[in-house]
Structures are given as C-alpha cells and as structure tokens.
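Reading through the structure tokens given below for one structure.
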Amino acid sequence: MATVSSVISSIKSFLSSKYLSLIGGTLTGTLTFTVPMVIKQSSSDSYTTIRGGTTNEDGARIVLCGKGDSEYGLFRIYTSDGTKHCALVGKPDGALTWSGKSVVCVESGTSGNFWYRKYADGWIEQGGLLIPSSGDNNYLEVIVTLPIAFSNTNYTVVSTGTYTTHLGSSDAVVTKKTTTQVGIKAHIYKAGVEYATFYCCGR
C-alpha cells in the first residue's frame, strides 16, 4: 500500500509540473496549441500576447498591456495576411483608433440648445440653436459660450437664420469668434419663436 501511494504521489507531482489542472492553476512559459495559436506572456509580465499564426506576420494577434508596460492598460489587435497590416488600438482614456485614425468620439453631450462632440484626435464639432428673447423684425445678436473651448481661433463657423412663421431663411453673420465664444447676428422676425442655427468645427 505504501508503494502504491508513493507511485501516485510521484505521478501527481509530475503532472502538476507539466499540465494545467482542470480546476485551475498556473503554467509558465508559452502555451502552444495543435492549431497555429500561441498565448505568451512577456518575461517582465508587462504584456500578454495571443497570436493566431506561427509568427506575427502570418495572422491576427492581440496584445494586452499590463501594469509593468509603458502603455499600461492599452490593448492592440493586429491584422496581417503577410502583406497588409492594420491595428486597432484602445486606450484607457476611451480613445480608439484603426490604423492611426480615430474611429469613435471620446466625449459628446448637450447643454441647453447646444450639442458637442470631441474626437480622440482632438477634432471638435459643436452647434445648436440661438433663440433671442426680445426684439422683433430686427438684426439680433447672440453671444454663445461654447460647450468646449477650441485650442485656437482657426476653426470654422457656419450660421443661418431660420424662419418658423415666415417662409424661407434669413441671413446671419458671425460678429465674434474667440476660443470660447461665438457671436451671431441674424435677422429675426419674431423673437422667442424664430431662431438662428450655428455649427463650429476645428481643434
């Protein structure tokens, strides 16, 4: 009986050092499958790679950056057929790029009659409705404090006066443009009812 127990203990010791238990455990080194797939963690435990091919050039792979990596929290999904290569990169701040180009906006929202979108590459779009509270059949000016400030004044502003009680559209001009404010003067027939629209885009 003692001999049988000794043999079983030896087998368990051997298996635990070579194979992952069905109830969990830890393996070191590279885990290689019979199909071309490799899961590997860097020697510094800074990132983990899941590779679908035998090399980085003949299939897709995923790189997950850990705390020890300079790009902590970032993930990369690479695609490759040996000739063409692209990468989807996600960052902890919400930025997502495909081959270096932003694919989603990082921030968006509304504030009263205004809306805004800010993209991962720094591009900003914002606009809304300008409804004067007083003055009829006159050129009325409204100063808008933008929901998101631009980095400079080299952005585009488009504005149009719009009738609701009269057919057609009136003219509108930009009277002020700073990084935080836009001034619009539009011909309004009925204050509080009719309005002007504006749209800004830039960085």
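The values are calculated or read from the model by the stated rules, or taken from the named source; none is laboratory data. Quick caveat, the model's predicted, so the values are computed rather than measured. Virtual Cβ from ideal backbone geometry, glycine too; neighbours counted across all protein chains shown.
Numerical summary
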read-out	value
Matching strands (runs of 3 or more DSSP E) fully within segment 103-203 where at least 2 residues are at pLDDT 80 or above, in contact with a helix residue (DSSP H, G or I) (Cβ under 7 Å, 6 or more places away or on another chain) and under 30 Å from Ala87 (Cα atoms)	none
From the options Thr55, Thr48, Thr97, residue that is out of contact with any helix residue (DSSP H, G or I) (no Cβ under 6 Å at 6 or more places or on another chain), assigned to a loop (DSSP other than H, G, I, E, B), at pLDDT 60 or above and hydroxyl-bearing (Ser, Thr, Tyr)	Thr55
Residue that is touching a Pro at 6+ places or on another chain (Cβ under 9 Å), surrounded by 15 or more Cβ atoms within 10 Å (Cβ to Cβ) and of a type in the set (Val, Ile, Thr), where the choices are Val89, Val142	Val142
Pairs where the first residue, in segment 87-104, is more than 20 Å from Arg51 (Cβ to Cβ) and the second is assigned to a loop (DSSP other than H, G, I, E, B), C-beta under 6 Å, 6+ apart	Lys91/Leu74; Pro92/Gly73; Ala95/Ala120; Leu96/Val103; Leu96/Val104; Ser102/Ala120; Ser102/Asp121
